[in-house]
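The values are calculated or read from the model by the stated rules, or taken from the named source; none is laboratory data. In this text, all values refer to a predicted model and were calculated from it rather than measured experimentally. Backbone-built Cβ (ideal geometry, glycine too); neighbour counts: all protein chains shown. In case anyone asks, the SASA skips ligands and DNA or RNA and just uses the protein heavy atoms, side chains included. Shrake-Rupley method; radii C 1.70, N 1.55, O 1.52, S 1.80 Å.
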Amino acid sequence: MARTGKQYLDALRASPPNIWYKGEKIEDPTLHPVFKGITQSVARLYEMQHDLRYRDILTYEDNGQRYAMSLLPARTKEDLAKRSAAYKLWADANLGMMGRSPDYLNAVLMAFEQSADFFGEYAENVRRYVQHVREHDLCTTHCLTNPQVNRAKSNLEQPDPFIPLGVVSQNGAGIVVRGARMLSTLPTADELLVFPSTLLKEGPGADKYAVAFAIPTSTPGLHFISRESLVAGDSAYDHPLGSRLDEMDCLTVFDDVFVPKERIFILGDLQRCNTAYAETGALMQMAHQVVVLKTAKTEAFLGLVSLIGETIGADTFPHVQEKIAEVIVYLEAMKGFWARAELDARLNKYGLLCPDRGAIDGARNLYPRLYPRINEIVHQIGASGMITLPSEADFDSPVGQYLEKFLQSATLPARERVQLFRLAWDMTISGFGARQTLYERFFFGDPVRMYQTLFAAYDKEPYKQRIRDFLGWKQQAQPEAVASD
Ligand SMILES: Cc1cc2nc3c(=O)[nH]c(=O)nc-3n(C[C@H](O)[C@H](O)[C@H](O)COP(=O)(O)OP(=O)(O)OC[C@H]3O[C@@H](n4cnc5c(N)ncnc54)[C@H](O)[C@@H]3O)c2cc1C
């Protein structure tokens, strides 16, 4: 059932994830200065589900109970539209700057549940697990890629075969896994989903890496080892994003972690691991949430550059107008991808309505390339205003009078103008902003290999044929059949 923010925070306190920060285990992430802001922000999202202004968008009713809209089975276009309205509301609440809002992986889980037969003997585990997540409205994170030790070698050729996560042993009760995954964002989740993302190669002993499961983030032997915090300070004026939205990224270590048999979704099956996301429709559902989130983020950037241009009078210059128009074009492109993804959605063989792959692939391959350019436009328009950024305390000090005079702008008093530019700095320059850029480049996968996959999968033949026809070529000769006995 749709939970409240308090229920999320209480659950974290009752079963804290095994998070390590600067050599110390975090006892209560809801109070720790590094994790407090993000846990409050996730709690606010859950709280919105109970706000009567948003309840009917963020939740759906079934048998008198309300559940998260992101777990609504997608069977019709109306379902998809309801799902994306919920994604958009949460995305806007954080200017599109929270990557692991619970709806992101709910989209995957919903697809797994609807396509559960794909999982063969583990289908019931998948159904029961997603029902459990739905009943308790759990927040999940995931970890997909193995440690970056030597990408030129296979899993088995690493210095230790259990650097990549693998199964060490199994019995009737479950399995024991050992190794690590490179990254989990938002360790302050209730549950960790563990699926492989890159293609697993066949080979003697390779099946130990073919595993998919879900465990609580507080499971013994599981460790989230955090990077340096980007919170930078408590003040929402000084650090409008860092203070609230530093999700944290962690190396995720599995030191002989026991996974009970009912939490296993795939075991020893390379083929299922390699095709799970595409075959179940999870890839399209997940990317549908992403397209909506990135549209919200682009809208936030358009608002930002428009206000910056206006406040310092720079939007009177044609080249600044052109740059703002460039962001408008990107936004309209994202909206176009989103609309077509829903318009051309098709049922998969399990009866799940999947957003159109072409539109989704276009969006998820384009955005990592657009994002650095949008950042560049913010810098080009904001210029020195991006860095002449006294703090809130300076305004209340003896030098405040100078700031009021010299940092006023054409349309705003100094405090508001600095607040606006502080947001621009946090979006694009601060540690938080720099991490966002890296995130946009990689969070959905390696952009190089994503392009290669698109090249291989896209049906280019009709377009080649149009050129052949235009040039008046005869029909392409079919390759001769090879005789076989
Ligand atoms: C801020 C941030 C947050 C993230 N959060 C999460 C998360 O919550 N959960 C999660 O699972 N993952 C997360 N990721 C990881 C993300 O999935 C990976 O970054 C992405 O899949 C690329 O993998 P990699 O980083 O291991 O890069 P690598 O695979 O190590 O690539 C490094 C370089 O080598 C090249 N390369 C490597 N192998 C090949 C190859 N076979 N062919 C051609 N080129 C190759 C790449 O193109 C790249 O230039 C996050 C990443 C970032 C940056």
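Going Cα to Cα from Lys6, which lysines come in below 18 Å? Please leave out same-chain ones fewer than 8 positions away.
Lys36
Among all the lysines, which ones have a C-alpha under 17 Å from Lys88's C-alpha, if same-chain residues fewer than 8 places away are not counted?
Correct list for Lys88: Lys77, Lys294, Lys297, Lys335.
To the nearest 0.05, what FRET efficiency results for Tyr458 and Thr76 with a Förster distance of 30 Å applied to their C-beta separation?
Taking R0 as 30 Å, the efficiency between Tyr458 and Thr76 is 0.65.
Sorting check: for 106-116, 147-157, which peptide has the highest mean count of neighbouring beta carbons within 10 Å, and how do the rest follow?
Put in order of decreasing packing, that is 106-116, 147-157.
Going through region 73-118, which trypsin sites (Lys or Arg not before Pro) have at most 14 other Cβ atoms within 10 Å and a DSSP loop state?
Answer by residue number: Arg75.
In region 263-361, which trypsin sites (Lys or Arg not before Pro) are in a loop and have at most 11 other Cβ atoms within 10 Å, using DSSP for the loop call?
Here the trypsin sites (Lys or Arg not before Pro) that fit, given the DSSP loop and packing criteria, are Lys349.
Using Cα-Cα distances under 8 Å and only pairs 6 or more residues apart, what relative contact order does region 179-329 have, in percent?
Once normalised by length, the contact order is 26 percent.
Which of the lysines could a cross-linker bridge to Lys405, judged by Cα under 30 Å and excluding same-chain residues fewer than eight apart?
Lys405 reaches Lys323.
Leaving ligands, DNA and RNA out of it, report the carbon-plus-sulfur percent of the accessible area of region 277-458 at a 1.4 Å probe.
Carbon and sulfur atoms account for 61 percent of the accessible area of region 277-458.
Counting only protein heavy atoms, what percent of the accessible surface of region 67-205 is carbon or sulfur at a 1.4 Å probe?
The computed percentage sits at 52.
Please work out the average accessible area per residue across the chain, using the 1.4 Å probe convention, and give it in Å².
Value returned for the chain: 45 Å² of accessible area per residue.
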